[in-house]
Amino acid sequence: MTLFAIVCCSLRLQAQDKQSINGYLVPMCIYNGDTIPCVQLRTVYIFRPLKFKNEKERQEYYRLIRNVKKVYPISREINQAIIETYEYLQTLPNEKARQKHIKRVEKGLKEQYTPRMKKLSFAQGKLLIKLIDRQSNSTSYELVKAFMGPFKAGFYQTFAALFGASLKKEYDPQGEDKLTERVVLMVENGQI
C-alpha cells in the first residue's frame, strides 16, 4: 500500500521546472586559459555639464541638437555617395566615361536630395556644409571642384555667398565647432 502511495505521488512530482532562462548568447574568448564572454561596448563620452549664461543660450544649444539630428544622417549619406562615386570613377577607362558618369550621378543626387534640402532651414544648410567637411575631410567647395570642375565650384560658391554661406567653410572641432563636435559625438553614440 505504501508503495502504491509513493508511486501515485511521484507521478505528480517533476524533478526540474522546464523554464527558459532569459539572457543573451555572446561570443566567448579564452583569456589566460579561462573562458570569458566577449562583449564589444560602445565608447561613452563624458562631458562636463554645460552652464548656460541665459535662456537664449540654452535654447540655441537644444536647437543645435535638433539640427544635428536632422542633418547628420544626410551628411553620412552624402559622404557614402562620394566614396562610392570616387571608387567607381577609378574603374572607368577614360575621361569621357568619367564625365558621363558624373553627370548621371549629379542628376540622381539632385533628384534624391532636392526635396530634402528644400526642407532644411538656413542654419541647417550651413551645418550640413560643415558636417560634410567633417565626414569627408574635404570642404564642399573642394568636392564640387574635384568632381565637377572649377567653374561649377565657383558658381555654387558664389550662389552660397549670396545667402551668407560658404562652401569653403572648414569644420574646426577644437575651435569654432567645439560644441557641434560634442553634440555630434553624443548623437553618434546614441547618448542623446
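Every number in this text was worked out from the coordinates using simple rules, so none of it is lab data. Here the structure is a predicted model, which is why all the values come from computation and not from measurement. Methodologically, a virtual Cβ is constructed for each residue, glycine included, from the backbone with ideal geometry; neighbour enumeration extends over all protein chains shown.
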**Neighbourhood charge, 15 Å Cβ-Cβ cut-off, centred on GLY149 and excluding it, Lys, Arg +1 and Asp, Glu -1** = +3
**Message:** For the chain, set up a GNM with springs between Cα atoms under 10 Å and report which of PHE122, PHE47, PHE147 has the largest fluctuation.
**Reply:** PHE47
**Message:** Around ARG58, under 14 Å between beta carbons, what's the net of Lys plus Arg minus Asp minus Glu among the other residues?
**Reply:** +2
**Request:** Kindly provide the pair-distance distribution of the stretch 55-188 built from C-alpha pairs, with 10 Å bins from 0 and whole-percent values in order of increasing distance.
**Result:** 11, 40, 33, 13, 3, 0
**Prompt:** What's the local net charge at LEU92, with K and R +1, D and E -1, over the other residues with C-beta under 14 Å away?
**Reply:** +2
**Message:** Contact order normalised by length for the stretch 55-188, with contacts defined as Cα pairs under 8 Å and 6 or more residues apart; what percent is it?
**Reply:** 28
**Item:** Dipole magnitude of the chain, debye to nearest 20 (Cβ charges: Lys/Arg +1, Asp/Glu -1, about Cα centre)
**Value:** 880
**Request:** Sort out the exposed loop trypsin sites (Lys or Arg not before Pro) in the chain (DSSP loop, at most 16 other Cβ within 10 Å) and tell me the longest stretch that has none.
**Result:** 54-118
